[in-house]
1. Has the range 261-281 got any residue that is over 30 Å from residue 391 (Cα atoms) and in contact with a strand residue (DSSP E or B) (Cβ under 9 Å, 6 or more places away or on another chain)?
2. Residue 183 - would you say it is within 16 Å of the ligand (Cβ to nearest atom), polar (S, T, N, Q) and outside any strand (DSSP E or B)?
3. Can you tell me which residues in the range 133-174 are within 25 Å of the chain's Cα centre (by Cα), assigned to a helix (DSSP H, G or I), away from the ligand (no atom under 16 Å from the Cβ) and of a type in the set (A, V, I, L, M, F, W, C)?
4. Going through the range 348-377 one residue at a time, which ones are closer than 17 Å to residue 321 by Cβ and modelled with pLDDT of 95 or more?
5. Under the condition of being assigned to a strand (DSSP E or B) and touching a helix residue (DSSP H, G or I) at 6+ places or on another chain (Cβ under 6 Å), which residue from the range 201-215 is surrounded by the fewest Cβ atoms within 10 Å (Cβ to Cβ)?
6. Assuming residue 88 fulfils every condition listed in (1) within 17 Å of residue 182 (Cα to Cα); (2) surrounded by 19 or more Cβ atoms within 10 Å (Cβ to Cβ) apart from one, which condition is it?
7. When you scan the range 54-62, do you find a residue that is hydrophobic (A, V, I, L, M, F, W, C) and assigned by TED's automatic domain parsing to the domain that holds residue 215, even just one?
8. I'd like to verify a number: residues in the range 106-132 that are within 16 Å of the ligand (Cβ to nearest atom) and either surrounded by 24 or more Cβ atoms within 10 Å (Cβ to Cβ) or without any contact (Cβ under 8 Å) to a residue 40 or more places away in the chain (or both), how many?
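The values are calculated or read from the model by the stated rules, or taken from the named source; none is laboratory data. Source: prediction; values computed, not measured. Note that each Cβ is placed from the backbone with ideal geometry, even for glycine, and that neighbours are counted across all protein chains shown.
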Amino acid sequence: MLTLDFHPTGRHFLQIPGPSPVPDRILRAMSLPTIDHRGPEFGVLGHRVLKGIGQIFQTKHPVVIYPASGTGAWEAALSNVLSPGDSVLMYETGHFASLWNKMAVRLGLKPEFLGLPGAEGWRHGVRADMIEERLKADTQHAIKAVCVVHNETSTGVTSNILAVRKAIDAAKHPALLLVDSISGLASAEYRHDEWGVDVTISGSQKGLMLPPGISFNALSPKAMEASKSAKLPKAFWAWDEIVEMNKTGYWPYTPNTNLLYGLAEACDMLLAPEHGGLEGTFARHRRWGEGVRAAVKAWGLQIQCADPAVYSPVLTGVMMPDGVDGVDADAVRRIIYERFDCSLGTGLGKVKGRMFRIGHLGDCNDLTLMGALAGCEMGLKIAGVKLAGSGVQAAMDYFGSHPAPVALQKAA
Ligand SMILES: *Cc1c(COP(=O)(O)O)cnc(C)c1O
């Protein structure tokens, strides 16, 4: 039934938390001809994207760009700074933290997985106090890195990265801080240098509004130093040759030319001073998150994130009520997809079938979100879920009475 020439009328509502919709302006930029990656024009593009992406990560240090998905950049981060058998402290916030933990095992590291017990851990952010306590007990400094996810895309819970930095410092522990902000970057506030992060991992298809296909490692001087003696095998992922050649605007191998055109355009859009720059971008997503949560509350449904201090501005996880006969979250998603041409995120791992996810990352506006919420409300009703009230009305009330400052209304 699903074929590649399936073209319903109007725009598909791609409301999953990544890939996010790619603005026309970026698609047009990507349609430029593929040029010689060793020619003179390419160096100009290389310098431009490296400068732009540094501003997005808020770092003065190198950012490595890989022609790979986010998973590749996870591997790059671990393999550049660690050695076989190294202990690493990871924190279980959800499915993506669990996948990164599995990767660490496959790479021959010894990860310890901290977290709250049971399903409850997937409703809260990282507990910095638990990290501090664990590091203080590690008097021999066996732990070489602390790995946390900034925006847990499987649940819609963020973590306070600065608090984790402070916990490591309070324990006077030399471990590196590695942060996955694959879905947080460019939608949720993020400051690589100011927060003292050693490696930040990100990807193209979430807040950066690009198609999938490139990913990033933002570095610190301490991480670059560690990479000189780290012993995990690395060749394609090795930072040294890439960072060295990037000084000239080029890469040691063929970079993803057309995605880099798109990245240059995305940086211009996200940083545009007339739309409030990065702070404006963060404010827009905070406001959209508020509106979507107002809808979920009006429906009388639970938000997966149990702690309002760490609600995600990137996506909202909506939990299914108990006792709806034979209808799980994926059945509701299927109805919304088939009837209203709107894709929502599925529940992953421990919360499969128990919740669905509404993305408000990347390229959105009030009315695309209203459309998505209308699709959800209709789909929930068709599925037989009893709603306490109209989420659509609540979101309209919120957006109507909380105008974004004019400068922040549009990203493009
Ligand atoms: C999407 C995502 C990943 C995986 O990235 P891929 O591009 O699918 O390889 C990892 N971590 C988080 C938090 C994500 O949102």
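1. Filtering the range 261-281 for residues over 30 Å from residue 391 (Cα atoms) gives 261-269, 271-274, 277.
Those left that are additionally in contact with a strand residue (DSSP E or B) (Cβ under 9 Å, 6 or more places away or on another chain): 263.
Checking the range 261-281: at least one residue is over 30 Å from residue 391 (Cα atoms) and in contact with a strand residue (DSSP E or B) (Cβ under 9 Å, 6 or more places away or on another chain).
2. Yes; evaluated as a whole, the condition is true for this residue.
3. Hits for the range 133-174 are 162, 163, 167, 168.
4. Once the filter is applied, which keeps residues that are closer than 17 Å to residue 321 by Cβ and modelled with pLDDT of 95 or more, the range 348-377 yields 355, 356, 357, 358, 376, 377.
5. 215
6. (1)
7. Looking for residues that are hydrophobic (A, V, I, L, M, F, W, C) and assigned by TED's automatic domain parsing to the domain that holds residue 215, one finds at least one in the range 54-62, hence yes.
8. Residues that pass the stated criteria total 8.
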